[in-house]
Amino acid sequence: MFALLGSGCSALSKSTLALPGIPLNKRTQLTNPMNVAVGDSEFLWNQIVDTVEDYFRIKSEQRAVRDSTQWVEGRLETYPEVGATLLEPWRKDAVHGFQRLQSTFQTMRRTCFVRVIPTEQGFTLAVEVMKEIEDVDRSQYSSEGSAIARYDGAIVRSDPMLVGQPITLGWIRLENDTELEQQILREILGRVSNVTPPRLPFLGF
């Protein structure tokens with residue numbers, strides 16, 4: 001009985017539901033933009049939208065078209081999303097590791113842009129994830145700008161708004177989140193490869 005359970009767990013750990021035909025090694029970098037040999041523009045666009053929606057809320061989209069009458073470049077933009085923290089493992093807008101740790105201790109946000117350009121062989125797909133850091137007027141829990149007590153006997157009525165949370169002045173653009181760009185590209189490439197997930201041998205399917 002224990003041997004059977006052991007063999008089943010071993011098979012489960014070695015099996016994967018990831019789509020074959022895409023680089024499973026995270027150290028292997030995909031070109032960005034990359035060429036996708038897909039002739040059906042509607043199918044490709046649906047896979048892109050379905051993938052991006054797992055990470056961000058889509059703000060606007062212009063579908064790519066490639067047929068006998070016209071070629072139209074596709075564009076997609078998402079709403080800025082405040083980065084997921086270590087306490088939010090169910091969210092996917094920040095890659096596990098340094099990116100998620102940074103979002104835990106500092107307010108970050110990310111916005112995704114996708115371009116799909118028709119070519120002779122199919123399409124050129126480019127994914128850009130812009131990362132920004134919050135710019136505030138003062139540090140949290142600091143006394144900067146708060147009411148200061150006077151020592152000359154004058155009565156000072158402090159404004160409770162002075163001791164509130166820091167005020168967001170804007171967002172400062174940092175580098176692109178290349179790790180998340182690669183992850184999104186891998187998922188899109190896996191979806192359009194038109195393959196089925198491998199069977200799990202220990203279930204006999």
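The values are calculated or read from the model by the stated rules, or taken from the named source; none is laboratory data. Everything numeric here is computed off the predicted structure, so don't read it as measured data. Methodologically, a virtual Cβ is constructed for each residue, glycine included, from the backbone with ideal geometry; neighbour enumeration extends over all protein chains shown.
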Take the residues in the stretch 16-44 that are surrounded by 16 or more Cβ atoms within 10 Å (Cβ to Cβ) and within 12 Å of residue 185 (Cβ to Cβ); name whichever of them is modelled with the lowest pLDDT. 22
From the option list 197, 160, single residue qualifying as surrounded by 10 or more Cβ atoms within 10 Å (Cβ to Cβ), at pLDDT below 90 and not small (Gly, Ala, Ser) is 197
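Residues are listed down the side, and each one gets a yes or a no for (1) in contact with a strand residue (DSSP E or B) (Cβ under 9 Å, 6 or more places away or on another chain); (2) farther than 26 Å from residue 174 by Cα; (3) not aliphatic (A, V, I, L, M):
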| site | (1), (2), (3) |
| --- | --- |
| 45 | yes, yes, yes |
| 62 | yes, yes, yes |
| 65 | yes, yes, no |
| 85 | no, no, yes |
| 89 | no, no, yes |
| 95 | no, no, no |
| 108 | yes, no, no |
| 122 | yes, yes, yes |
Unique residue being surrounded by 17 or more Cβ atoms within 10 Å (Cβ to Cβ) and either under 30 Å from residue 35 (Cβ atoms) or modelled with pLDDT of 80 or more (or both) when the list is 174, 101, 180: 180
Considering the stretch 65-94, residues that are modelled with pLDDT under 90 and surrounded by 19 or more Cβ atoms within 10 Å (Cβ to Cβ), and then whichever is nearest to the chain's Cα centre (by Cα), we arrive at 93
Can you find even one residue in the stretch 33-41 that is within 19 Å of the chain's Cα centre (by Cα), more than 24 Å from residue 170 (Cα to Cα) and of a type outside the set (Val, Ile, Thr)? yes
Restricting the stretch 39-69 to residues that are among the aromatic types (Phe, Trp, Tyr) and in contact with a helix residue (DSSP H, G or I) (Cβ under 8 Å, 6 or more places away or on another chain), the residue that is nearest to residue 123 (Cα to Cα): 43
